[in-house]
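Everything below concerns the one structure shown next.
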């Protein structure tokens, strides 16, 4: 028994009974791994050591050749720009620049206030009268009535309500009014020329509306009983021209199409009517209607509403 064991030790392991798969040499695996990393791909079968048909190595394991490293691109050197001695790089300026404090907006300058007197106050009062905020003849004295008119004007336009006429208030008023005439400055409405009547307005009871003078005249048998400023629709929603008649009066009407109030509405053509407009009173001719004849003097149109009857004529002309 001992002799048999010794013989085995001396002779080494016997021949394999079948094909034996041997592990590749450690150096070969390392070389394959290096090749895989260099090429960026997974190691393929050709990169592993080959074996013979009997399972033994078919020669020395192939030596993996390391791919030479890809040449690094040579950076393109841009020509150096000659900077002026006082020039500072952008990054340096960002770090060293001191933050510039933002100046606070200065309050508007007050031009006229309580106690002011003179022609400038008279012009202010005349312009306020043009848009229905000053209801007496200009006096040239900035008193309680003038301050109240300015406060109303400021509040309607979202300005600080101070009662003083500052630069912002004055510029807004200039944009909504025209230069006062001598008659307006002196408070003599009789000197204001009356609009020329269209021949169709000289008989019967007529609301005679002129697009040229932008006025509505209430005329009874050729006599003008009242006149008021009006505005019309835009070019996309024009006010119709021609001869119509009032077919519906609605004192507290609200538009079902635009959901806006139309007080003292007097309908003459479809959905178009003569009515009071708070927007006209606030914005003047900066805006437009959707086709109606807007009146900005609420008292005047209320008085007109009480006199006009169904069937009265409406003439709209140039």
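The numbers here are math on the coordinates, done by the rules we state, and not lab data. The shown structure was predicted, so the numbers you read here are calculated from the model rather than taken from an experiment. Backbone-built Cβ (ideal geometry, glycine too); neighbour counts: all protein chains shown.
Per-structure values
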{"item": "For segment 193-317: relative contact order, % (alpha-carbon pairs under 8 angstrom, 6 or more apart)", "result": "30"}
{"item": "Burial order of peptide ranges 111-117, 125-131, 310-316 (average beta-carbon count within 10 Å, highest first)", "result": "125-131, 310-316, 111-117"}
{"item": "Tail weight of P(r) past 14 Å, computed on alpha-carbon pairs of segment 245-309, percent", "result": "52"}
{"item": "Footprinting exposure proxy for 259, 166 (fewest neighbouring C-beta atoms within 10 Å first)", "result": "259, 166"}
{"item": "DSSP bridge orientation in segment 193-317 - percent antiparallel, rounded to nearest 5", "result": "75"}
{"item": "Extension reserve of the residue 285-residue 298 stretch, reckoned as 0.36 nm per residue once the Cα distance is removed", "result": "3.1 nm"}
{"item": "Stokes-Einstein D (µm²/s) once Rh is taken as the Kirkwood radius of segment 193-317 over alpha-carbon pairs, at 10 °C in 1.306 mPa s", "result": "112"}
{"item": "Over 19 Å [Cα-Cα, segment 161-250], rounded percent", "result": "58"}
{"item": "Gain on full stretching of the segment that runs from residue 310 to residue 236 - 0.36 nm per residue minus C-alpha separation", "result": "23.8 nm"}
{"item": "Length added when fully stretched, residue 151-residue 318, from 0.36 nm per residue minus Cα-Cα", "result": "56.5 nm"}
{"item": "Computed label-point distance, nm, for sites residue 161 and residue 250 using a 7 Å Cα→Cβ extension", "result": "3.1"}
{"item": "Nearest-0.05 FRET efficiency for residue 243 and residue 111, computed from C-beta distance (R0 30 Å)", "result": "0.05"}
{"item": "Pairwise centroid distance, computed over Cα atoms, of segment 237-302 with segment 111-163, Å", "result": "28"}
